[in-house]
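Notes to accompany the following structure.
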Amino acid sequence: MKMTIDDVSFRGRRALIRVDFNVPLDSQRNITDDTRIVESLPTIKKVLNDGGRAILMSHLGRPKGKPAQEFSLKPVAERLSSLLGKPVRFVRDCIGPDVRQAVDAMKDGDCLLLENLRFHKEEEANDQEFARQLAALGDVFVNDAFGTAHRAHASTEGVTRYLKPCVAGFLMRKELDYLGRALGNPIRPYVAILGGAKISGKIDVIMNLMAKVDALLIGGGMMFTFYKAQGKQIGKSLLEAEKVDLAGTVLNEAAKKNTRILLPIDCIVADRFEEQAQWKSVPADAIPGDWMGMDIGPQTINLFVGEILKAKTVVWNGPMGVFEMKPFAEGTNAVARALAEATRSGATTIVGGGDSAAAIAAAGLQSAVSHVSTGGGASLELLGGKALPGVEALTEK
Ligand code: AMP
């Protein structure tokens, strides 16, 4: 067990908090979605209410190791200040004499935000001198940035070598509770649904989940590489030719171990990759030569929904089709609705980050499932059975 923010009193102490303030900005640098700031409030408030000093650090976008105004965190300091209802001081760097001075001037209950960590290339390089300078700003390290925990950067892993204790914030703890505890020790039946464009990047997830779940449902673009491995005609559907053998191996392994992998039994095909395309539903073994698969079909939706509703633990990562185009969003939306219904019946339902999180938000069902992960990459690593460097580095209880 890792230490969490509840194990520490921050009274009179400086908390160096790694948050994820990587928020979307428009061309005028207005924040278009402040969810990530709002979600970090419980951790920040706990430090301030304890009578501690909160020193916040984050990255924003990809400034490539140099200062760039369009990636400044200044607008975030302003938004945070109005959300907290108190001033948040902003400093124009994250290390150096000005930062030291600003931190030294803090009083208990004060909050300060440092400039974008990625204005220094040392952040992603996990440079030890840079990490040491960050660590010197605090007495306790709090990591609340799940979305970057799969990367060993200076602000996620490097600092932990120079500062103790290192604890998980509330958001991080919630992610670990769901993606770690619930899926590590699932109440059965346990069903996983995987989709998205490609097998590459998800093969570890497929292999790891295969050994744990009662059923693995596969949709999205990756289904066609599996079809190909079964010798089916896939027309102009998305294909990862170099992954056909791997897909075949997965299916053989599953057959040997009696693992239930369910592939779609029908799909929606279109005559071109466009929202206005002509489309129709066909059985899996009848994809016309010059059409392409865009979504799972209605019979598959029934099959998948049935499996989801029987489950007590469900994890979902990746859309079932090209959900950005309305005619091909039905499979993804049906899965989202089924997760919501399973949740109402008492199942634990977990949505991995990225596109499935976007899809569940678009369906307005975010709060109808047990947990929507804030970290696409990090949740995939955990589902793939890997440890996250930013979590491993936290202090044991
Ligand atoms: P990923 O990033 O691997 O989770 O993939 C997400 C993307 O997969 C989305 O942009 C979907 O549009 C895309 N996708 C899902 N199904 C298909 C399909 N049948 N053909 C092409 N792309 C797809």
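The values are calculated or read from the model by the stated rules, or taken from the named source; none is laboratory data. The model shown is predicted, which means the values in this text are computed figures rather than measured ones. Counting neighbours? That spans all protein chains shown, and the Cβs are built from the backbone with ideal geometry, glycine included. In case anyone asks, the SASA skips ligands and DNA or RNA and just uses the protein heavy atoms, side chains included. Shrake-Rupley method; radii C 1.70, N 1.55, O 1.52, S 1.80 Å.
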- Note on the structure: Expressed per residue, the solvent accessible area of region 177-266 in Å² (1.4 Å probe) is about 45
- Query: Using the reciprocal of the averaged 1/r over all distinct C-alpha pairs, how large is the Kirkwood radius of region 13-112 in Å?
  - Reply: 14.0
- Quickly work out the Glu39-to-Glu78 label distance, labels modelled 7 Å from Cα along the C-beta direction, and quote it in nm with one decimal. 2.4
- Task: When you have a sec, figure out the Kirkwood radius of region 205-261 from all distinct Cα pair distances and drop it here in Å to one decimal?
- Result: 11.7
- Within the chain, the percent of DSSP beta bridges that are antiparallel, given to the nearest 5, stands at 25
- Using all C-alpha to C-alpha distances in region 272-345, build P(r) with 10 Å bins and read off the rounded percent in each one. 19, 46, 26, 9, 0
- Task: Take the solvent-accessible surface of the protein heavy atoms, probe 1.4 Å, and return the percent of it on the chain that carbon and sulfur atoms account for.
- Result: 49
- Note on the structure: Between the residues Ala255, Phe224, Gln278, the Cα farthest towards the positive end of the dipole of region 153-289, that dipole coming from +1 and -1 charges on the beta-carbon of Lys, Arg, Asp and Glu, is from Ala255
- Query: Based on DSSP H runs of at least 4 residues, each adding -39500 (n - 2.57), what is the mean residue ellipticity at 222 nm of the chain after dividing by all its residues, to the nearest 500 deg cm²/dmol?
  - Reply: -9000 deg cm²/dmol
- Of Leu48, Ala77, Ala105, which is farthest along the charge dipole of region 5-171 in the positive direction, counting Lys and Arg as +1 and Asp and Glu as -1 at C-beta? Ala105
- What do you get for Rg/Rh over region 250-397 if you use C-alpha atoms and the Kirkwood form of Rh? 1.02
- Item | Space enclosed by the convex hull of the alpha-carbon atoms of region 3-47, per residue, Å³ | 90
- For the chain the mean separation of alpha carbon contacts under 8 Å (6+ apart) over residue count, i.e. relative contact order in percent, is 16
- Message: At 20 °C and a viscosity of 1.002 mPa s, what translational diffusion coefficient does Stokes-Einstein give for the chain, taking Rh as the Kirkwood radius over Cα pairs? Give it in µm²/s as a whole number.
- Response: 96
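Mean projection of the alpha-carbon convex hull of region 130-261 over all orientations, in nm²?
On the way: hull surface 42.7 nm².
Across all orientations, region 130-261 yields a mean hull projection of 10.7 nm².
What relative contact order, as a whole-number percentage, does region 5-171 give when Cα pairs under 8 Å and 6 or more residues apart are counted?
Across region 5-171, relative contact order equals 29 percent.
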- Note on the structure: Links exceeding 25 Å between C-alpha atoms in this model, out of Lys198/Lys386; Lys2/Lys310; Lys243/Lys312, come to Lys2/Lys310; Lys243/Lys312
- Query: Sorted from largest down, what three extents in whole angstroms do the Cα atoms of region 5-171 have along their principal axes?
  - Reply: 40, 36, 30
- Work out, step by step, the length gained on full extension between Asp104 and Ala286: first 0.36 nm times the residue separation, then minus their alpha carbon distance; give nm to one decimal. 58.5 nm
- Set of region 176-201 residues, backbone N closer than 14 Å to the point 7 Å along the Cα-Cβ line of Arg260: 188-193
